[in-house]
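Data block below; observations after.
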Amino acid sequence: MDNEATGLPRRLDLAGDLRTRSVFLFGPRQTGKTTWLRQCFPDAPWFNLLHGEVFLRLSRDPGRLRAELAAGGSRRGPVIIDEIQKLPSLLDDVHDMMESDGLRFVLAASSPVKLRRGGVNLLGGRARTRALFPFVSAEVPDWDLMRAINIGGIPSIYLSPDPIEDLRAYCGSYLQLEIQAEGLVRGIEPFSRFLMAAAACRGQPVVFERLASDAAVPARTVREYFQVLEDTLVATLLQPFRPGGARRKPVSHAKLYFFDVGVANVLADVTHIAAGSPTFGPALEQLVFCELRAWLAYARDPRPLTFWRTADGSEVDFVVGDTAAIEVKATGAVTNRDLTGLRRLAEETPLAHRIVVCRESAARVVDGIRILPVMDFLRGLWEGDLLAD
């Protein structure tokens, strides 16, 4: 498949996967799964479980899936089942058709919580798992950094003439469709308070007791809420990097990042971010997280993404595997003090790449540390050799 033909040049190439096996395709709502799959496989048999009639007939008789595919005759491409989490019982029939008929499937899900919790047939490892994320910088011609900082990369919102209103509606739909409808929490009001408190501390080490106080809920409930965010693909707890034989004691608290900058902004009640403003730094760090996570997934790079922070206050925002460290600074003039964390981490473990992402106008190198303007960093990342292992 020619990815360029889809208009989404950096989206993962499923064609290679589908030569040998089926795929679970996970991604939050409106990240473009349905649109992208239709572009890639326009002639494939399609079952969208968001459509009431499709859901009703297959929920009454899951065996109809095999009968309808048999009646369809010749076809091109894999069988696509959209929103598979709405009817997990279909996976038994899918499993059987993969084994007995040699069919291949793309099983798309925007909220895989029902699939990840016990009792669901996950096809015994016969389907690979892939993820789709909001737009990244390499996908959009004339990509606008400040637009992305303010409204994120959800395709329908990035391209919207009224993105803030659409973002508010999106966050409301998340509470209604993903949380309330699935019965994942006991009360929407305390969960809403938690979301605002959590979004306000994105990029910071999570202290459950402090968040519990801010949201006026028990600390145990906050831990359950974080699991809901991860299960529904809305946020990630980034774990700390622990170098072997480290001289400085690393912290044990994880850091929280959302899947999209714009969603995090709206949840934190931030609606306009200017370069140099107090809210610019956290939003830029969130954006770099989103780009790094998508790049690792799309490049099939198995290295974990972590961060480094010690009890004495040394910190590096992102560590890729044990070879690359990235510090994000909102400043337009990086000083020696801004390089302290990278220098101290290099004392703990060998690093092939040390990078500061910032608002300076031109790239430079100081003591082996590359200081890169934001756009230079993003271009280098997606060109593929900036963080080579």
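Read-outs throughout are calculated quantities, based only on the coordinates presented, and are distinct from any laboratory measurement. These numbers were taken from a predicted model, which means no experiment stands behind them. Please note: Cβ atoms are built from the backbone with ideal geometry, for glycine as well, and neighbour counts cover all protein chains shown.
Taken about its Cα centre, the chain carries a charge dipole of about 760 debye when Lys and Arg each add +1 at the Cβ and Asp and Glu each add -1 at the Cβ.
Counting Lys and Arg as +1 and Asp and Glu as -1, what is the net charge of the other residues whose Cβ lies under 14 Å from the Cβ of L58? The answer is -2.
Per residue, the average separation of C-alpha pairs within less than 8 Å and at least 6 apart gives the chain a relative contact order of 13 percent. Each residue of region 336-352 in order: what ³J(HN,Hα) in whole Hz does its phi give by Karplus 6.51 cos²θ - 1.76 cosθ + 1.60, θ = phi - 60°, with x for Gly and Pro? Once θ is set to phi - 60°, the couplings for region 336-352 become 4, 4, 5, 9, 4, x, 5, 5, 5, 5, 5, 6, 8, 7, x, 10, 7 Hz. For the peptides 199-207, 331-339, 176-184, the ranking by packing is 199-207, 176-184, 331-339, with the highest mean count of neighbouring Cβ atoms within 10 Å listed first. Taking a straight Cα-Cα cut-off under 13 Å and skipping sequence neighbours fewer than 8 places away in the same chain, the aspartates and glutamates within cross-link reach of K33 are D13, D82, E83. Applying the Karplus relation 6.51 cos²θ - 1.76 cosθ + 1.60 with θ = phi - 60° to region 297-311 yields 3J(HN,Hα) values of 5, 5, 7, 6, 8, x, 5, x, 9, 9, 9, 10, 8, 10, 4 Hz, where x marks Gly and Pro. For the chain, the share of DSSP beta bridges that are antiparallel, to the nearest 5, is 40%. Applying both filters, DSSP loop and at most 15 other Cβ atoms within 10 Å, to the trypsin sites (Lys or Arg not before Pro) of region 22-114 gives R75, R76.
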